[in-house]
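Structure, as structure tokens:
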Amino acid sequence: MRRSALRTKVSPVHVLNLLPFGPLDYMDVDAIQRKLHDQVARLEAPDTLIAWEPRDTYTAGRRTQPQDIPDSDVPVIKMDRGGSVTYHGPGQLVVYPIVKVKPPKDVVAFVRNTELALGRAMAEFGIHTQQVEGRSGAWILPETESSSDIDRKLCAIGIKFADDATMHGLALNVTTNLDRFFRVVPCGLSDAGVASLESEGVSATLPEVAAVLLPELARTYEQFVLRPSADEAPAPAREDQLPPVSELPELDANEWMEHADEIRSNTQLAAKTGVAWAP
């Protein structure tokens, strides 16, 4: 009864909004997402988007190569996500979608639809992003093929599926200090650059961007969300019926932050996760 009742009552994806707390320690929020991921995977919590702003951190995904970290003085945390090494820091909007997906799970489709949602959200700010074959993320491409400009990544994506639920997610540069990226080879791509909304001439705060992006992600993930059986399921909401972010159901951020230290101390990581990068 608990399982079907939860899935019947909880329709739109929830939000855990940690942005009001300012830049946060990467591993503190990582512990929170793992705790919530465990609950979502066991159908004990609703599908949730965690929105937060990080302190200065470099993290390395599974595809990181030694040459991606040319500056040996950079402290890099190894993480169990896709992708290579990247920078996280103030002015960056990080969103972790914690979603229990229906079978058959399709990682590529989930990532590609995340890119499409990003594109729709960025269009609201006058920014045209594109998908690039073989490269995840939201990209700003040169206007003409003859241009001397290079492709610039506005948003990095690194998503993991575990127990049929997603974790990690996307990092969108809003007012991020882009110079910090170049102590490493961002995303392992030596022939590409990075961009932020600010560098593209857009003046916006993280909450303003989240107010546009989170509803787009919530709408996009509806197609992936595990639902109860047909006799238990409510009628699916039309896209125009889904609420804006201000009306999306929210988890109690204060309660989660009050227990952040306890959650982190009780979090068990895989042996190669959350440790310093070593080639």
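No value in this document is a laboratory result; all are computed from the given coordinates. What you see is a predicted model, and the numbers here were worked out from it, not measured in a lab. Cβ: placed from backbone, ideal geometry, glycine included. Neighbour counts: every protein chain shown.
Annotation: amide H-H contacts under 5 Å for W139 (H modelled 1.01 Å from N, sequence separation of 5 or more, or interchain): Q130, L154. Against the chain, whose longest principal axis comes from its Cα atoms, helix 107-123 is set at around 80 degrees. Shown for L206, L248: other C-beta atoms within 10 Å of each C-beta, ranked fewest to most, produce the order L248, L206. Per-residue Cβ neighbour counts within 10 Å put K272, K105, K35, K153 in the sequence K272, K105, K35, K153, beginning with the fewest. Residue order for I150, I77, I140, I157, fewest other beta carbons within 10 angstrom first, comes to I150, I77, I140, I157. Dividing the summed helix terms, -39500 (n - 2.57) for each DSSP H run of n ≥ 4, by the number of residues in the chain produces a 222 nm estimate of -7500 deg cm²/dmol to the nearest 500. The alpha-carbon atoms of the chain, seen along their principal axes, cover 57, 43, 35 angstrom, with the largest extent given first.
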